[in-house]
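Colleague: Sharing a structure, written as structure tokens. Questions coming.
The values are calculated or read from the model by the stated rules, or taken from the named source; none is laboratory data. Not measured: the values here are computed from a predicted model. Because the Cβ atoms are built from the backbone with ideal geometry, glycine has one as well, and the counts that use them run over all protein chains shown.
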Amino acid sequence: MKKTFSKEGVYKWMRRGLMWQVLSVFSMVSFAAVSYDAGQGILQKKISLQVDNMKIKNVLKIIEQNAATRFGYQPQLIDSNRTVTLMVEDTPVISVLNMLFDSSVKFEEIGGMVIFKPAVVAHADGILVSGKVTDETGAPLPGVNVSEKGTINGTITDAEGEFALNVEGDSSALVFSFIGYESKEVPVAGQTFFDVKLSQEVKKLEEVVVIGYGERTKVSLVGAVSAIASKQIVTTKNENIQNMLTGKVAGLRIVQNSSEPGSFDTSMDIRGLGAPLVIIDGVPRNNITRLNPSDIETISVLKDASAAVYGVRAANGVIVITTKKGKAGDMKLEYNGSYGLQFPSRLPKPVDVFDYMTLVNEQRAHSWPASQPPLYTEADFEAYRNGTKTASNWQDEIIRKSAPYTQHDLNISGGTEKSVYFISLGYLAQDAIFKSDDVKYNRYTIRSNLSTKVGRRLTFDLNLSGILDRKDQPYISPWYVFRSLWYQPPVQNIYANNNPAYFNNVPSGLNGVAHSRSDVNGSITNNNKWFQSTISLKYDIPYAEGLFVKGLFSYDYTANSNKNYMKSYNLYRHDAATNTYNPVPQQTPATIRREFAEFPTKLAQLSLNYSKLINNDHRVSGLLLYERNIRSADNFYAQRELSIALDQLLAGNTANQQGHMSSDNLYETKNVSLVGRADYSYKDK
């Protein structure tokens, strides 16, 4: 059979072949293939490498990839920013490392890793000490950090848990630290050999982690649960608790889509693409973004089977948040305040007027199918040089270098053996980077958590919280202001004839300065209110250790009130012949719109719980729960046209007025759940 090939087909395959050749060459230059025998150690693996003026830390990453290993070292041991140039081919890793570092560093394989250690040299004015580090059972601990207190001098234990280190003298002290174990400090005091035992951090293992409809200690967890405490959360300052969790919880992905104050445009998912269910103090709630971070005690992320207890709602995982409670003791008053400046991570640098005109002329000269004459002549260039014409920097006129951020938190806590309380107040203010200062966000929070023993076996809990927030912005949204900003070239003046009393009618009417000001184009004000309450009773059943019954009821109410005021305004064209300013009306007719929506929610739970440790080995727990949830929503909006510049609905005209409801926020749903769970662990494994 005869086969025919078109010219286009041949070219297509030639292009593909060329592309693969280029990629192959690139791969050969960047990373050469590793050739070694399976029986060889890591340090004997042979690699090929070519780097030019590259930082040591980047060179080590390439070697890690080529040799399929990881390097471990103390930061002070090497100068990671030192640059090197090196070319080797089919050379053992140990030889490459010796080329990169002098004799003060030695290398040792430990558990599939290569550990960098300082070469021990006994100086006349120092003492050489050595020893072995083991756990409580006597097993050696490799990779333990051993350092001389108050210095950067240190080393790491080898595969047998042994170490050697040259210290200053008898007055020195050795500090031993390892993840999951308590640190230990040992004075030298004339000793030269140290037999050190490290103990596990029992406190961390006994920390309580909140799970679905209950609690566990870390040591007894049998599911996929990640937890983070309050002190870890508040290390980052942000108005949105979601952004503060970025990079702090395994498996939790946070993506901030906008930093606009009050927008809370942040997406969150757990090992997937859907939003997780959020539980706050045992109740499903959706206002995680407005929570005061200072009120949070712990956050647990439930994954896979650990989230199954919440049913289909937990298909994308669960985030369980527990707020702070009081502790028995004297009243404690705590205040935290912060003031900061927020800076844009990066802003494009606009070209000046001369570069802009040059680029436009070059673009026209290279137009296809036929070139076009220059748009800007030498006379235009000269006019800007001698000041006859002035250029505009739209970015500098609209955006300031930084925006302020303020937060104040005050809380009172304390109590007795029978009753404890926690009360907090919070305030947050955040501004945007617009020079008009018309984009603002303010939030007020209050919380009261009370727990009291009303009987020997009966405990009463009452949690109340309230949130008020308000966002102000121009009627033209901030993202549209940026669109207007990037649209205008420097040859377009901001003001007609450079007269600040008249905004210039630029192409498409996209005058970013006018768009950024509420006094020009109007305003949008969003007011939100949240009230959340939870009341619960817990009764420990007599003669059945670990068995208790708990009842819970919550009532939440959310109300949204928005005002959208679209103001008519003018842009102007300047007539040089008559020296007059001709108006070009924008946003007509002016309108005022008011929106209201409310979302009441009621939830009731009744549960039977059991948890017991038998013979210090067998931990058994179980849960039976009934839950009923009622959610509803209602809304209304009204709109009128305005004859006068007054942002009130009553000032509008009755002609063409509107009054409607949105079907999206008009509903009532009821859910009933039956939940069961049984756990067993042997020696907390």
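Colleague: Answer yes if at least one residue in the range 155-162 is closer than 28 Å to Val114 by Cβ, charged (D, E, K, R), surrounded by 14 or more Cβ atoms within 10 Å (Cβ to Cβ) and touching a residue at least 60 places away in the same chain (Cβ under 8 Å), and no otherwise. Break it down into steps so the answer makes sense when it comes.
Modeller: Our first condition is that a residue be closer than 28 Å to Val114 by Cβ; within the range 155-162, this holds for 155-162.
Okay, now just the ones that are also charged (D, E, K, R), so 158, 160, 162.
Among the residues that remain, those that are also surrounded by 14 or more Cβ atoms within 10 Å (Cβ to Cβ) are: 158.
Retained after the next criterion (residues that are touching a residue at least 60 places away in the same chain (Cβ under 8 Å)): none.
No: zero hits.
Colleague: Identify all residues within the range 266-280 that are surrounded by 21 or more Cβ atoms within 10 Å (Cβ to Cβ) and under 17 Å from Ser554 (Cβ atoms); write none if there are none. Break it down stepwise before answering.
Modeller: Taking the range 266-280 first, the residues surrounded by 21 or more Cβ atoms within 10 Å (Cβ to Cβ) are 268, 270, 276-277, 279-280.
Leu277, Ile279, Ile280 - these are the residues of the range 266-280 that are surrounded by 21 or more Cβ atoms within 10 Å (Cβ to Cβ) and under 17 Å from Ser554 (Cβ atoms).
Colleague: Please determine whether any residue of the range 358-373 is hydroxyl-bearing (Ser, Thr, Tyr), part of a loop (DSSP other than H, G, I, E, B) and either under 30 Å from the mean Cα position of the chain (by Cα) or surrounded by 12 or more Cβ atoms within 10 Å (Cβ to Cβ) (or both).
Modeller: So the first thing to find is which residues in the range 358-373 are hydroxyl-bearing (Ser, Thr, Tyr), and the list is 358, 367, 371.
Among the residues that remain, those that are also part of a loop (DSSP other than H, G, I, E, B) are: 367, 371.
Narrowing the set further to residues that are either under 30 Å from the mean Cα position of the chain (by Cα) or surrounded by 12 or more Cβ atoms within 10 Å (Cβ to Cβ) (or both) leaves none.
No: the range 358-373 contains no residue that is hydroxyl-bearing (Ser, Thr, Tyr), part of a loop (DSSP other than H, G, I, E, B) and either under 30 Å from the mean Cα position of the chain (by Cα) or surrounded by 12 or more Cβ atoms within 10 Å (Cβ to Cβ) (or both).
Colleague: Sticking with this structure for a sec: Can you name the residue in the range 245-262 that is crowded, with 18+ Cβ neighbours inside 10 Å and out of contact with any Lys or Arg (no Cβ under 8 Å at 6 or more places or on another chain) and is also modelled with the lowest pLDDT among such residues?
Modeller: Restricting to residues being crowded, with 18+ Cβ neighbours inside 10 Å and out of contact with any Lys or Arg (no Cβ under 8 Å at 6 or more places or on another chain), the top hit is Val249.
Colleague: Identify, please: which residue in the range 78-91 is out of contact with any strand residue (DSSP E or B) (no Cβ under 6 Å at 6 or more places or on another chain) and among the aliphatic types (A, V, I, L, M) and is, among those, nearest to Gln50 (Cα to Cα)?
Modeller: If we take residues in the range 78-91 being out of contact with any strand residue (DSSP E or B) (no Cβ under 6 Å at 6 or more places or on another chain) and among the aliphatic types (A, V, I, L, M), then Val84 is nearest to Gln50 (Cα to Cα).
Colleague: Moving on. Just one of the numbered conditions (1) in contact with a Leu (Cβ under 9 Å, 6 or more places away or on another chain); (2) exposed (fewer than 13 other Cβ atoms within 10 Å of the Cβ) is not true of Ala68; which one?
Modeller: If we test Ala68 against (1) in contact with a Leu (Cβ under 9 Å, 6 or more places away or on another chain); (2) exposed (fewer than 13 other Cβ atoms within 10 Å of the Cβ), just (1) comes out false.
Colleague: Working carefully through the options Arg640, Arg619, Arg628, find the one that is in the same structural domain as Phe596 (by TED's automatic domain parsing), at pLDDT 90 or above and more than 25 Å from Pro600 (Cβ to Cβ). Steps first, please.
Modeller: Details: Arg619 fails: at pLDDT 90 or above; Arg628 fails: more than 25 Å from Pro600 (Cβ to Cβ).
Just one listed residue meets the conditions, Arg640.
Colleague: Quick one: Lys303 ticks every box in (1) surrounded by 13 or more Cβ atoms within 10 Å (Cβ to Cβ); (2) within 24 Å of Pro404 (Cα to Cα) except a single one, so which number is it?
Modeller: (2)
Colleague: State which residue is nearest to Ser451 (Cα to Cα) when the search covers only the range 379-421 and only residues that are part of a helix (DSSP H, G or I) and small (Gly, Ala, Ser). Spell out how you get there, then give the answer.
Modeller: Narrowing the range 379-421 to residues part of a helix (DSSP H, G or I): 379-385, 394-398.
Filter once more, so that each one left must be small (Gly, Ala, Ser): 379, 383.
Values: Ala379: 81, Ala383: 77 Å.
Here the residue is Ala383.
Colleague: Considering (1) assigned to a strand (DSSP E or B); (2) within 23 Å of Ala429 (Cα to Cα); (3) at pLDDT below 95, say which one Trp479 fails and leave the rest.
Modeller: Status for Trp479: all satisfied but (1).
Colleague: If I ask for residues that are under 20 Å from Asp647 (Cα atoms) and surrounded by 14 or more Cβ atoms within 10 Å (Cβ to Cβ), which ones from the range 566-588 would you list?
Modeller: In the first step, residues of the range 566-588 are kept if they are under 20 Å from Asp647 (Cα atoms); the result is 566-570, 585-588.
Once the filter is applied, which keeps residues that are under 20 Å from Asp647 (Cα atoms) and surrounded by 14 or more Cβ atoms within 10 Å (Cβ to Cβ), the range 566-588 yields Met566, Lys567, Ser568, Tyr569, Asn570, Gln586, Gln587.
Colleague: Tally time: how many residues in the range 519-543 are within 28 Å of the chain's Cα centre (by Cα) and either at positive phi or assigned by TED's automatic domain parsing to the domain that holds Ile288 (or both)?
Modeller: So the answer is 0.
Colleague: Also: Scan the range 405-412 and give yes if some residue there is out of contact with any helix residue (DSSP H, G or I) (no Cβ under 8 Å at 6 or more places or on another chain) and of a type in the set (Phe, Trp, Tyr), otherwise no.
Modeller: First pass over the range 405-412, keeping only residues out of contact with any helix residue (DSSP H, G or I) (no Cβ under 8 Å at 6 or more places or on another chain): 405-408, 410, 412.
Next, from what is left, pick out any that are of a type in the set (Phe, Trp, Tyr): 405.
Checking the range 405-412: at least one residue is out of contact with any helix residue (DSSP H, G or I) (no Cβ under 8 Å at 6 or more places or on another chain) and of a type in the set (Phe, Trp, Tyr).
Colleague: Look through Gly150, Gly112, Gly143 and report the one residue that is under 37 Å from the mean Cα position of the chain (by Cα) and under 20 Å from Gln191 (Cβ atoms).
Modeller: Working: Gly112 fails: under 20 Å from Gln191 (Cβ atoms); Gly143 fails: under 20 Å from Gln191 (Cβ atoms).
Among Gly150, Gly112, Gly143, only Gly150 is under 37 Å from the mean Cα position of the chain (by Cα) and under 20 Å from Gln191 (Cβ atoms).
Colleague: Pairs please, first residue from the range 353-367 and free of Cβ contacts under 8 Å to residues at least 40 places away in the same chain, second anywhere and among the charged types (D, E, K, R), Cβ atoms under 9 Å, 6+ apart in sequence or on different chains.
Modeller: Phe354/Arg385
Colleague: For the range 122-130, does any single residue satisfy the condition of being of a type outside the set (Val, Ile, Thr) and under 40 Å from the mean Cα position of the chain (by Cα)?
Modeller: No; the residues of the range 122-130 include none that is of a type outside the set (Val, Ile, Thr) and under 40 Å from the mean Cα position of the chain (by Cα).
Colleague: Given the condition over 24 Å from the mean Cα position of the chain (by Cα) and of a type outside the set (D, E, K, R), answer yes or no: does some residue in the range 427-435 qualify?
Modeller: Going residue by residue through the range 427-435, those that are over 24 Å from the mean Cα position of the chain (by Cα) are 435.
Add one more test, that the residue is of a type outside the set (D, E, K, R), and what stays is none.
No: the range 427-435 contains no residue that is over 24 Å from the mean Cα position of the chain (by Cα) and of a type outside the set (D, E, K, R).
Colleague: Then there is this: Does Leu552 satisfy the condition of being assigned by TED's automatic domain parsing to the domain that holds Gln532, surrounded by fewer than 18 Cβ atoms within 10 Å (Cβ to Cβ) and out of contact with any His (no Cβ under 7 Å at 6 or more places or on another chain)? Write out each step before concluding.
Modeller: Values: assigned by TED's automatic domain parsing to the domain that holds Gln532: yes; surrounded by fewer than 18 Cβ atoms within 10 Å (Cβ to Cβ): no; out of contact with any His (no Cβ under 7 Å at 6 or more places or on another chain): yes.
No; evaluated as a whole, the condition is false for this residue.
Colleague: Considering every residue within the range 171-178, establish whether at least one is modelled with pLDDT of 85 or more, outside the structural domain of Arg290 (by TED's automatic domain parsing) and assigned to a loop (DSSP other than H, G, I, E, B). Explain how you work it out, then say what you get.
Modeller: Our first condition is that a residue be modelled with pLDDT of 85 or more; within the range 171-178, this holds for 171-177.
When the remaining residues are screened for being outside the structural domain of Arg290 (by TED's automatic domain parsing), the result is 171-177.
In the following step, the residues that additionally are assigned to a loop (DSSP other than H, G, I, E, B) were identified as 171-172.
Yes, the range 171-178 contains at least one residue that is modelled with pLDDT of 85 or more, outside the structural domain of Arg290 (by TED's automatic domain parsing) and assigned to a loop (DSSP other than H, G, I, E, B).
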